[in-house]
Every structure is written in C-alpha cells, then in structure tokens.
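Here is the structure we will look at, set down as structure tokens.
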Amino acid sequence: MGDDYPTLFRSEQMSLRQFLIPTEVAHDAVAELGELGNVQFKDLNPAVNPFQRSFVGEIRRTEEMARRVRFFESQIQKEKDVVPIRPLYDSSPLVTVGPSAAHNIDELDVTLAEHETRLVQMNDSYKTLSERTRELVEARHVLRETAVFFDKAETQQTDIRTSFDDSSAPLLQHDDREQQYSSTVQFDLEFVAGTIDRTRISTFERVLWRVLRGNLYMNHTDITEPFVDPATGTETRKNVFIIFAHGDALLAKIRKVAESMGATLYPIDANADKRSDSLREVTARLEDLETVLYNTGLNRRSELLRIGENLARWQDVVRKEKAIYETMNLFNYDVRRKTLVAEGWVPIRDLPMIQMALRHATEESGTSVVPIVQELRTNKTPPTFTRTNKFTEGFQTIMDAYGIATYQEVNPGLFAIVTFPFLFAVMFGDIGHGLIIFFAALYMISQEKKWARQELDEILGQFFYGRYIILLMGLFSVYTGLMYNDIFSKSLHIWHSGWDFPEPGSNGASYAVSNGHMYPFGVDPAWHGADNGLVFTNSYKMKMSIVLGVIHMTFALCLQLPNHIKFKRPLDIYANFIPQMIFLQSIFGYLVVCILYKWSIDWSTRDTEPPSLLNMLIAMILSPGKVDATSQLYRGQGFIQVVLLLLAMVCVPWMLCMKPYFQWKERQLIEGQGYVGLGHRNGGPRESTDEVLEGEEEGNGRAIVEEMEEEHEQHDFSEVVIHQIIHTIEFCLGCISHTASYLRLWALSLAHAQLSEVLWTMTIEKFLGLSGIFGTIALVLVVVFWFSATVFILCIMEGLSAFLHALRLHWVEANSKHYQGEGYLFTPLSFAKLDEKE
Amino acid sequence: MEGLFFNVNSGFLEGIVRGYKSGTLTQSHYASLTQCETLEDFKTQLSATDYGNFLANEPSPLSTATIADKATQILVDQFNFLRSNSVEPLSKFLDYITYGYMIDNVVLLITGTLHERDTHELLERCHPLGIFDTMPALCVATNVEELYQSVLVETPLAPYFRDCLSAADLDDMNIEIIRNTVYKAYLEDFYNYASTIGSTTAEVMHSILAFEADRRTINITINSFDTELTKEQRAKLFPAIGRLFPAGNNVLAKADDIDQVRQVCENVGEYRSFFDNSASAQSNGDLGDFGVAAQLEDRFFRMEVHLNKLAFLQQFQYGVFYSYVKLKEQEIRNITWIAECIAQDARDRIHDFIPIF
C-alpha cells in the first residue's frame, strides 16, 4: 500500500484493476465512479467502430436530448429580456441512479420533447404572427409614404396640366376640364408599390431601368425603423418604393422582377379616399394583431422561464449521461453477456473509496450482486497521478508543461514551490514591486470563490490560475528586495550604516570612511548613490548568481539519487550520479568555494591584489599547475587545481564506459548460463501462438496478455552505447553552458534595478523640488504616471520576463539533471472535470 | 522570382488552403463511412472528421439533402474566407473560379423560367458560390438579347455572352448551345488569364483547364450524335484549348459514332484509358452509347481528381485554390452518394464513389 500521506514527492501508486460489473448495476456504478473521479478506464475494444459499440443507442438518445437542451439555451440567449437560468447548485438534483433511473430519464426525454414541440409551435405561431404584423406595418408605411408622394404629385400635377392646356390640341380640352372638375386627380399612369430591402434598392433600380429601357418613374423613401426577425434577431432595413409605368406588359414585368428580388408588393389604390380607408383598416388590424402577438410573446416567455428553471440541471444530467455511456462503451461483455468487464487504472490509496462507491451503487439499484474488483498483473507503465490542491496546482502545472513525470519519479513540482519563486525573486528583487504583486495576488485569492465560478477572460484567467505562484513570488521578492536594499530603486535605512561620508574634499568628491558598524542584513544603504555602487552590485550579483546556480544544479543532480534507489538501479548511481557529481563539484563547486573564500578575505590588508576568478578558472583548465604568484588566492593552489582537473577528466571516461560495459557483462553472464532471448531470434511466430494459447486458456483475460506483449523493450547494445555517449557529452557541455546560463539572474536583476532607477530619476525626482501650487499638481500627475509605469512596465512586463527566465532555469538547467518526464497523465472519468471543460 | 515574393500576399492563404486540404476525407474515412447502417451512424462517423459536428443541431430524421447542403455550406464558408482575405491577383483568380458556377446558375434559371418553375425554388437550387445580386432578375427575360441587356451586361459574364446573342429564341436546344458557347468562352478566358499570373500557376492551371476543355469537347460530341445540331454548329462549341485541339477537335467535329471519338482519344496517352473497358462492355452487353457515356463520366471525374491532386505538388502557385474547391466538391458528391446509398439501402453500389486521398 502507499505511503501514509498523499505526497507531491512521487506520483500516486497506481494499480490496474479489473471490474466485473453486473449489467444492471453498470450505469449506476459508472455514475458513482464518475462522481468520485478516480478511475481511468481503458478502451477494451479499440478495434470496434464508434457506432458499433454496445451503447450507441443510448448515446444517440442523450445526444438528441443534448440537442434539445442546446436549442433551449440558444432560445433563451436570443431573448432580449434576460431569462434567469437557475444555477445548478440552487436546483434540486435529478435522480439518475437507482431503480427509478430509467423511468426518470424516460420522463426527462419526454419532458424535453414536449417542451421542444411547444416551443417550436410557439416560435412558429409567433413567427407567422410577426410576419403578418410586419406585412401590415409595411403596408401602413407604403400607404403613408405613397400618400405623401401623391399629395405632392397632386399639386405639381395641376401645374403641368395647365401648361398642357395651353399648348395641346383643343379637342381634348373638354376631357381635361372634366377631369379637373372631378374631385380627385386621375392618373393615367399605373403604378406598383411595395417594400424592398435597402441594400437591394440600387440593384433593383438598375435592373428595372434596363428591363424597361428607362420607361419608368421610380420613387423610394427609407422606412426609419428597422424590422427585427423574431427567429434570428437580425435587423433588416427596408425602403418603400413606388414605380410608375405604362402598359400591362411592363407592369407585369415590374411585378415579376420585384418578386424575384425579394420585394413585397402591396395593392394601393390611386384614389385618396380608398387609400385612407385601407390605411384605417390596416391600422385597426394591426392593433388586433399586436395584442395577439403580445399575448403569444408572453406565453412564449413564460414557457422559456419554466425552461430556465430547469435548464441547468438538464444540462448537467445530459452531460453526465453521455459521459457514462461513452465510458460504458469502453467495456467488454463477458461470455454470457450478464456482466460488463472493465479495466482501469486506480490509485491504490483510493481503493476503499471505490469499493464503497460500488457497494453504494449496488444498494441504490436494489440488487444483491456486488461488482467485483480484482487486481491485474501488468508490466505496463501506470499513468502519473499527482494529487494537487489549489496551492500546489499552479506549480505542478509549470512542471507538467515541460513533461509529465515518469510514474513514481521524483516530482520537481514539489521543489518548484520554493525554488521557482526564489529564482524569480532574485531577478525581481525590489520591496516595492514585490509588495505590489503580493497584494495583487492577495486580492485575487480573496476573490477566489467568486472568480472561480464565473468565466474570466483569457489573460485575467491565466493570472488568476497562477495566483498562489504570484503570491509567493511577491513574498520572495520582498525578501530579496530587503537583501538588495531596494524599494522602488531607493534604499531603506533601517539600521545604522557602516559608512560615514565626511565633508567633500577639494575636488568635490567625498570618500566614505568605515565607522566600525556592520550592517546586519542586506546591502548597506551607503552603497546607494556611491560612485562605485554599480561596480559593487555588479560583481556581487554576478557571483551570487553563480553560487545560486551551482547550488541549484547540485540539488537537481541529487534528485537522481532517490530515483535510482527507488527503481533499484545501483549501476546508475555508480556510473552516472557519482561521476557527474564529481565533475560538477571539481570545477564549478570549486569556483563557488573560491568565490566564498574571496569574499571572506579583507583584501585591503593583504599585499596581493584580489585575483580575477574568471581568469583563474580559465587558467586552471588551459595551463594546469601554473598559478601566477601575483594572483594567487591561497597557498598550494596550483596543486589542488591539478588534482581537481584530473578528477574531472577521469569522470568523463567513467561516465562514458562504465554503464555500457556492465550491461554488456551482465548479458554475457545471462547468455553464458544458457538463456537466449526468445523475442530476438524467433520471436515473431512464437509470440503470436503464445497469445492465442493463453487467450484460449484464460478466456476473457486476454486483454492482460496483449498488454504484456507491447512492453518488450529491445535491449540493443549499440543503442545503450549511443545513448550513453549522448548523455555524457550533453552533461559535460551542459555543466559549462548551464552555469553560464545562471548569469541571467545577474543580468535581469541588474536590468530591473537600473530600469526602476531610471524611471525614478526621469519622472519623480525632477518634480520633487518644485514648490507652489503648480509644483504640487505636476507632482501629483507625475506620481500617477510613475505609478502606472511601475505597475505596467516594471511589475507586469519585467515580471513576465523574470517569470520566463525562472521557468527556463527550471526546465532546462535543473530538469535536465534528473528529470525523465516520460509519463502520461492520469485522466480519470470525472464529472467535475467535465464541468470545467464546458 | 515569383516564388520569392509569393508568400508576401498569398503565403497565408496557401497555408490555409493546404490546411483545409489535409482535412479532406481519406480512404479509411470512406471505409468506415461505407459501413454505416443508418444516416445517424453516418453523422456520428462524420463528426470524427474535419466536418466536426456540422450536423449536431439538425433535428433527427436526417435527409441526404441536408447533409449535402451543410457540407456545401462549409465549402462556401471556407471559400468566402479565402476570398475576403485575398488581394490581387489572387482575388481575381478566386473570382474566376466562381464564374463557372455563375454560368451554371444562369443556365439553371433560364431553363427553369422556360419550364415555368417557381422562381424562389429555382433560386434555392442555385449553387451558393455562383450567386450574384442581379441574378433573380433573370427570370423576366424571354430571349437572349433581353437577358444580356437587362442583367448580364453588368456581370463579369457579359463578355462570354456577347458571342451568342444571335441565338434568338430560348428553347432547350438553344439554352444548351448557349451554355456551351459561354462555357467555352469562359474556359478560354480563364486559360489566358492563368497565363498572365506566373509560370507555375499557368503550368498547373493549363493542365487542369486543358482537360476540362477536352472533357467538354468529348461530351458535346457524344451528346450531339443523332440530334439536330449540325456539324458546323458543333465545331463552334468546342473550346479552342486543350490537348485535343486543334487536330482532335477537327476530327471530333465530323465524328458520327463513338468509335471515332475513341480513336481521337487514343492519340493522347492519358486519355487512352477512358474507353478501355467500355469497348468490352459494349461488345458483350447492350449498354449502348448511354452506358459508355455514364462510364466515361466516371472516368472523367477520376481524371479530374487526379489532376487536381497533382496541383498540390507545386508550391507558390494559385492552382491549389482551384483544385481545393474542385476536390472538395467531389468529396461532397461522394458523401452525398454514400448517404444516398445508405438511405435507399443500395449497398451494392455504395462503393461507386471516387476516392480522393
């Protein structure tokens, strides 16, 4: 059994279990296991097409239900007034397990279908009604607009007529006069009126002009309000048009074109009285129709409200049902088709819970046959399952993004909780900036409950996901800020400084004098503003980053050890771990010791100059044994360096040859005892017969055998050699480049400090001296600018870049020392995760 | 040099279209599609491909028409995406692709109006890629002159129609002649246009368009046997491009039976296979010309697919866009065929589709 506590150090112990579940309990059992979220089922019939599986019918049914639910959802979303959807945690759950499950599901299916038909019906009637309303509204518009047009035309008409009277043949005069006397003006032109989409009006006009060869008079006006399609909610804008033309043939053509262009025609009478009559009629009908429409809309809305009450739990049920049947499709029937056979990976720690869940499912469904869980022996690698909580989740994700840990391998995610924020903080060291991101993270954590429930946008969501990482990053930055004595690029005087500045001398420079105090923590504030301050922090941070880097790499290298012990690979300890450690320590460990030693010496009392450690390291490798007397760090340096260099040199062939040699010897030994690998010589046919034989013997246990076959690793000797060569070269070169890579800690922290100082001097410092009301206003403005620049450039932008570099140091520099990362993630059937995905 | 700057304007879209192309159904997809028992299975199968759940929101009794419509809609959406992201000369090239569909639509509308079909029904049947906004007005026209003057004059098809204004009345025969004359003009124009936009594009497009022209020539020849169409008229309909042009076209113009057509095809290596088995089929069964034509059509499609596939072997050219549309169209035909076979339970003919990849 596993350890007593779930730990991040190694992934959970897993076991492949076979579940024999009676058919009648299967659904409930899977439901229970899905709620538990602890079993990763394996596909037992990978050869079967998705639609030939056992539960396709059920899946199809749930899909149909899901379609209906989606339909409701879209209808509710389209509704202009918000229809409240009762949240899931607020509504009573729908029982889908136990003896009444089938009944409940049937009922749900029926209810959904009923709601759908009702809604569709209402939509239809609403649509036809609104269609008719739209037509009437259009008709009203046409009547009104044409009336305006006719009125205008009437006044003009008379003018034209008088002019006609003067010039045209007198024979017609009588007729004309008669017409003039008649109350209404008669048009001898006939016309077509209607409405058309505004976008089409120009095409329409053009086509008509061409079809009728210009023999028409067309007029159109905009209808100001848009028409809203009730089904889709899209707005269309239309125009009223009226076309005058002469002759039946032409009018018929106009009608045909208009109809095919999607225009609606309305019969309009030329007579003004009749027009006003029909306008009145249309208005009256419109009023009636609007009442009906209003009532229908009200009915529809109440229906939607009823649906909204239940929608969330319907969605929930449908989603779960689908997941359950999809899982059951992975199962196999036993020979008599009475029980379902399932296989799945299970964390050993959770076995009791799973047993409980299965028993519970059996009791619920009211049968006495308990599902059987039995262990399957397998040499297949189990999935990697690391239990996380909301605090560790972020850190684990960072490491999982690089690669999922091999099963039971030491998990770097555990150590990242401390090392990641620390390395970040080394680059980001500033009390002020640290506090800003600390409080930002704190705010996100305080809003945790609320934000977790709602959808966040992509960028904010990512920050929210990493809120605990940000929290620790802020906290560590405050610490390193104290070490660097930096707060918004200024320094803090907490204790008494160790240096006094006397009055400046003749050349205006002042040389600090030690006053015997020792600054107890962090950098002495006296360095701030000193001429050689930058030189000091430069050298200090550079050496510090080397020291931190070598410590980090050594630590990462040490993590190999628990892996080798756990997986019983003593050869790897002797052939890999020890030489690697010696190699790293004899060169770079020595450098760190030298750095610390050099720091500990008061060079002002020595007669030699402080030696350059970089040159020392280069000389150690290029001209071993020779040490310049002027730059000697300690006595006997030459000899010790030669010894260390020899040690490192020895390690290379050691790493290169030992492991392949021992493996070769081991194989010789095995073959010497008369064992020959079956798989290599005549493996092909033999294996297949094995499978068939065992399959016959064990019946439905075949799945186990098949797995065993997959995992025959080919121990080819040449492969081992090549692998080891690559590994050795990578490690040796890696040691050098990785150590240099840690210098980014120095570069970024320096850049950060300089940038924040530049920001300070360029903005606030210039305005501090100003007095008077304008000075104050300017200062306030500049402080606002400075603060926003601090947040956006220094905290967010610089923070992201420091984050990136910290990430790289973990992924490349540390992980390459020990991490295999060849596992695959444990993806259990879990309803909770299903919800997250949606 | 064209390859050097191709990616500036068209690299993105070529990438997109190659991505689309890798989503076309493969042999294994077809294999599992043909195993489906019902259209529901079919839907499930398709949802595992690039089509995704394009049918997910369709109510349950699926019809093959819905499947075809939805699939076409996907193609149209993709095409419109390409079209709206393209710049000259690619946008013009893509427009050229739509002209073919426009011609089909125009002919469809004229024929429909001639037979007094409902306009709206006709409009729905039009291919969405070939829709232009003055199209509905086609229904009014009663002769070619009017057709041209009222509607087509402002469409890009106008130059193609200019040649056939002489055909006075609209009857079935004349419409067929118009269609072929227009299509001939279109093909020739496209062919010339392809020559102006870079040698690689020209090379790829010429081989495809040449085949297209030959296919039309052969089809016209076979279809005009025993009809009123005179041989001179027939010769006028043949596109003046293609691998059979000019000698083959001349022979075809005078051909009287299918054997002569075969002899012409023998002269071109790639076309030799068109009549291979049909000869034996003709000798032992009484399939007649119709059977040969049906089989020939199938071979033409295969050849077309083959040529369009070849277009993807060359980079930095526009042929891929044309080929993608054609291949996708073929794929939709395949899907519809399989769906139709499933719906009508005609399992024995389900494998008669043309696999693409």
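Structure data summary
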| read-out | value |
| --- | --- |
| Ascending count of other beta-carbon atoms within 10 Å, so fewest first, for B:LEU4, A:LEU825 | B:LEU4, A:LEU825 |
| Within region A:404-430: backbone nitrogen closer than 13 Å to the A:THR381 label point (7 Å, Cα to C-beta) | A:404-410 |
| B:ASP172/A:SER202 FRET efficiency (R0 35 Å; Cβ-Cβ; nearest 0.05) | 0.55 |
| Average other protein chain Cβ within 10 Å of Cβ, residues A:202-212 | 4 |
| Relative intensity, log₁₀ I(q)/I(0), of region A:251-298 from a Debye sum that treats every alpha carbon as a point, q = 0.16, 0.19 Å⁻¹ | -0.70, -0.80 |
| Projected area averaged over orientations for chain B, convex hull of C-alpha atoms, nm² | 19.1 |
| Fewest-first ranking of A:LYS543, B:LYS328, using other Cβ atoms within 10 Å as the exposure measure | A:LYS543, B:LYS328 |
| Alpha carbon centroid spacing (whole Å) that separates region B:251-271 from region A:17-60 | 62 |
| Prolate/oblate/rounded label for region A:704-832 (Cα gyration tensor, a/c 1.5) | oblate |
| Reference-scaled alpha-carbon Rg (2.2 N^0.38 Å with N residues) for region B:91-172 | 1.04 |
| Per-residue average of Cβ from other chains inside 10 Å of B:43-51 | 2 |
| Those trypsin sites (Lys or Arg not before Pro) in region A:582-647 that DSSP places in a loop and that have at most 14 other beta carbons within 10 Å | A:ARG606, A:LYS626, A:ARG635 |
| Between region A:591-610 and region A:294-348, the Cα center-to-center distance that results, in Å | 73 |
| Amide proton proximity set for A:THR384, modelled H, under 5 Å, gap of 5+ | A:TYR824, A:LEU825, A:PHE826 |
| Long-range amide H partners of A:GLY37 with built H, under 5 Å | A:PHE831 |
| ³J(HN,Hα), Karplus 6.51/-1.76/1.60, whole Hz, each residue of region B:346-357, x for Gly, Pro | 9, 5, 5, 9, 5, 8, 7, 9, 10, x, 9, 10 |
| Gyration tensor over alpha-carbon atoms, region A:536-678, equivalent ellipsoid semi-axes in Å | 42, 18, 9 |
| Leading residue at positive end of dipole, the protein assembly as shown (Cβ point charges), from A:LEU358, B:VAL325, A:GLY434 | A:GLY434 |
| Range in chain B, longest, excluding exposed GluC sites (Glu not before Pro) [loop by DSSP; at most 15 other beta-carbon atoms within 10 Å] | B:229-357 |
| Packing-based exposure ordering (other Cβ within 10 Å, fewest first) of B:ARG117, B:ARG216 | B:ARG117, B:ARG216 |
| Lys/Arg +1, Asp/Glu -1 at C-beta; chain A dipole; positive extreme among A:PHE501, A:GLY625, A:THR339 | A:GLY625 |
| Euclidean distance of C-alpha centroids, region A:387-457 and region B:55-75, integer Å | 47 |
| Neighbour-limited loop hits for chymotrypsin sites (Phe, Trp or Tyr not before Pro), region B:39-147 (at most 14 other Cβ within 10 Å; DSSP other than H, G, I, E, B) | none |
| Electrostatic dipole magnitude of the protein assembly as shown [Cβ: Lys, Arg +1; Asp, Glu -1; Cα centre; debye, to 20] | 3820 |
| Whole-Å semi-axes of the ellipsoid equivalent to the protein assembly as shown (Cα gyration tensor, √5λ, descending) | 73, 46, 38 |
| Per-residue HN-Hα couplings for region A:248-255 [Karplus 6.51, -1.76, 1.60; θ = phi - 60°; Hz; x = Gly/Pro] | 5, 4, 5, 4, 4, 5, 4, 4 |
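Read-outs: derived from the displayed coordinates by stated rules, not from any lab. Quick caveat, the model's predicted, so the values are computed rather than measured. Glycine also receives a Cβ, built like all others from the backbone with ideal geometry; neighbour counts cover every protein chain displayed.
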